[in-house]
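Student: Pasting in a structure now, in structure tokens, and then I'll have a few things to ask.
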Amino acid sequence: MTVYFIGAGPGAADLITVRGARTLARCGVCLYAGSLVPRELLAECPPDARLVDTAQLDLDQITAEFVAAHEAGLDVARLHSGDPAVFSAVAEQMRRLDAAGIPYEIVPGVPAFAAAAAALGRELTVPTVGQTVILTRIAQQATPMPPGEDLATLGRSGALLVLHLAARYADRVVAELLPHYGPDCPAAVVAMASRPDELVLRGTLADIADQVKAAGVVRTAVIIVGRTLTAEQFPDSHLYSTTRDRCAG
């Protein structure tokens, strides 16, 4: 018996990986985040699989489902939105499984920021403009951020920032980043990335918060801030350069 933490992708059901779909199809139990995971994916589960929406469950109740499946000898598909590596609360579940002696594996998924970049039609790392992407969030009604990871500190880097769980607090995001990026810095918000109701907002730090309010975006969105969003004048990368020595070892 194994618990498989599967990245369900950013929203569109067909953005789950082949490995994720195949794993889902052979698990006798599926625990899924009902408010975030597309219900179409549940059709991939075996017809007799036990389906558990974890939206209203606490960690103890989720762990109890793992233990019950373990005792019954049933593999578990634990479906998380996006990729389990980022903002998924997988670490605390794995800690519980370690304590219970229950084996687990992680099946990666397409992260929300990648789907947002696709919706924007942009590469987030552009030669000489920006080669660093910071994935972060803000602490409003959530676990406090560690020391040194506040927006004011991260903003000093000038790197492209991708903020999860922050659309409701766009005003605060703008206020903290303005001193470091300036009002003309490109900014975008992508809500429901890859879904039929996907919404893309483009602007600058001067106007993006107003756009978010006008559109009524409060959740399931990422805020992206950085110069690479609109970069046009930049050199070609060394990767495909005609001057690159492709015979070197």
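The values are calculated or read from the model by the stated rules, or taken from the named source; none is laboratory data. Source: prediction; values computed, not measured. Positions of Cβ are generated from backbone atoms using ideal geometry, with glycine treated the same way; all protein chains shown enter the neighbour counts.
Student: Of everything in region 110-121, what is outside any helix (DSSP H, G or I), out of contact with any helix residue (DSSP H, G or I) (no Cβ under 6 Å at 6 or more places or on another chain) and touching a residue at least 40 places away in the same chain (Cβ under 8 Å)? Give them in sequence order.
Tutor: Result: 111, single match.
Student: Could you look through region 45-99, keep only residues that are more than 20 Å from the chain's Cα centre (by Cα), assigned to a helix (DSSP H, G or I) and among the acidic types (Asp, Glu), and pick out the one that is nearest to residue 34 (Cα to Cα)?
Tutor: Looking at the filtered set, the residue picked out is 65.
Student: Still on this model: If residue 126 satisfies every condition in (1) among the β-branched types (Val, Ile, Thr); (2) within 20 Å of residue 221 (Cα to Cα); (3) at pLDDT below 95 but one, which is the exception?
Tutor: Exception for residue 126: condition (2).
Student: Could you grab the pairs with beta carbons closer than 8 Å, sequence gap of 6+ or different chains, first residue in region 171-185 and closer than 13 Å to residue 157 by Cα and among the aliphatic types (A, V, I, L, M), second one at pLDDT below 95 and surrounded by 14 or more Cβ atoms within 10 Å (Cβ to Cβ)?
Tutor: Between residues of region 171-185 that are closer than 13 Å to residue 157 by Cα and among the aliphatic types (A, V, I, L, M) and residues that are at pLDDT below 95 and surrounded by 14 or more Cβ atoms within 10 Å (Cβ to Cβ), the close pairs are 177/151; 177/155.
Student: Select from region 138-163 the residues that are over 18 Å from residue 205 (Cβ atoms) and either of a type in the set (A, V, I, L, M) or under 16 Å from the mean Cα position of the chain (by Cα) (or both) and list them in ascending order.
Tutor: Selection gives 139, 142, 145.
Student: Can you spot a residue in region 202-216 that is within 18 Å of the chain's Cα centre (by Cα) and aliphatic (A, V, I, L, M)?
Tutor: Taking every residue of region 202-216 in turn, none turns out to be within 18 Å of the chain's Cα centre (by Cα) and aliphatic (A, V, I, L, M).
Student: Need pairs with beta-carbon distance below 9 Å; first residue closer than 25 Å to residue 81 by Cα and within region 198-222, second surrounded by fewer than 16 Cβ atoms within 10 Å (Cβ to Cβ) and of a type in the set (Phe, Trp, Tyr); sequence gap 6+ or separate chains.
Tutor: No pair meets every condition.
Student: Condition first: at pLDDT 95 or above, more than 28 Å from residue 113 (Cα to Cα) and among the aliphatic types (A, V, I, L, M). Can you find one or more residues in region 6-18 that meet it?
Tutor: no
Student: Can you pull out every residue in region 152-187 that is surrounded by 14 or more Cβ atoms within 10 Å (Cβ to Cβ) and in a loop (DSSP other than H, G, I, E, B)?
Tutor: Result: 158, 159, 165, 166, 185.
Student: While we're looking at this one, here's another question. I'm checking my understanding of the structure. Among residues of region 23-43 that are touching a strand residue (DSSP E or B) at 6+ places or on another chain (Cβ under 9 Å) and assigned to a helix (DSSP H, G or I), which one is surrounded by the fewest Cβ atoms within 10 Å (Cβ to Cβ)?
Tutor: 39
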